[in-house]
Amino acid sequence: MPLVAAVIALGACLALPVMAGDESPQAAIRAFELRIVQRRVPQAQRVLRATEGERVELRWSADEPLVLHLHGYDIETRVTPGKPAVTAFDARLTGRFPVEIHAEGGSQHRHGALLHVEIHPR
């Protein structure tokens, strides 16, 4: 693995600032590994926190086909069992944003949020 790719991979795992080959700073990456089982995530993952200016990656896996919607950023992500999916965005808006779950191909909403993403000011 080239050195730059190894540094980028390490930064993604540790949520540290990542440096490109020219040593110019990029946004820090805050990554979360999230497993949805029976339309729930573990209690400890129901509020995810990041800081304004970070690159946020929600790395999903699920036991059924789902469409996830991150409000505020208006991002939809399809998750298929056995095929991980990623919701990635630059944290430019601060606040508390719910992620709702929908049934694949339908308009059924889960009552309430699956989790919340909190973006705190720098």
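Values for this structure:
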| quantity | calculated |
| --- | --- |
| All positions within region 67-86 that are assigned to a loop (DSSP other than H, G, I, E, B) and either among the hydroxyl-bearing types (Ser, Thr, Tyr) or buried (at least 16 other Cβ atoms within 10 Å of the Cβ) (or both) | TYR73 |
| Region 32-41, residues that are surrounded by fewer than 18 Cβ atoms within 10 Å (Cβ to Cβ) and assigned to a strand (DSSP E or B) | GLU33, ARG35, VAL37, ARG40 |
| Qualifying residue in region 88-96 (condition: within 12 Å of the chain's Cα centre (by Cα), modelled with pLDDT of 95 or more and surrounded by 15 or more Cβ atoms within 10 Å (Cβ to Cβ)) | yes |
| Scope region 42-66; condition surrounded by 13 or more Cβ atoms within 10 Å (Cβ to Cβ), at pLDDT 95 or above, outside any loop (DSSP other than H, G, I, E, B) and not basic (Lys, Arg); matching residues | GLN45, LEU48, ALA50, THR51, VAL56, GLU57, LEU58, TRP60, SER61, ALA62 |
| Pair list, Cβ under 7 Å, 6 or more apart: region 56-79 residue over 15 Å from ARG40 (Cα atoms), other residue aliphatic (A, V, I, L, M) and in a loop (DSSP other than H, G, I, E, B) | VAL56/ALA91; GLY72/LEU93; TYR73/LEU93 |
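The values are calculated or read from the model by the stated rules, or taken from the named source; none is laboratory data. A quick note: this is a predicted structure, and the numbers were derived from the prediction, not measured. Backbone-built Cβ (ideal geometry, glycine too); neighbour counts: all protein chains shown.
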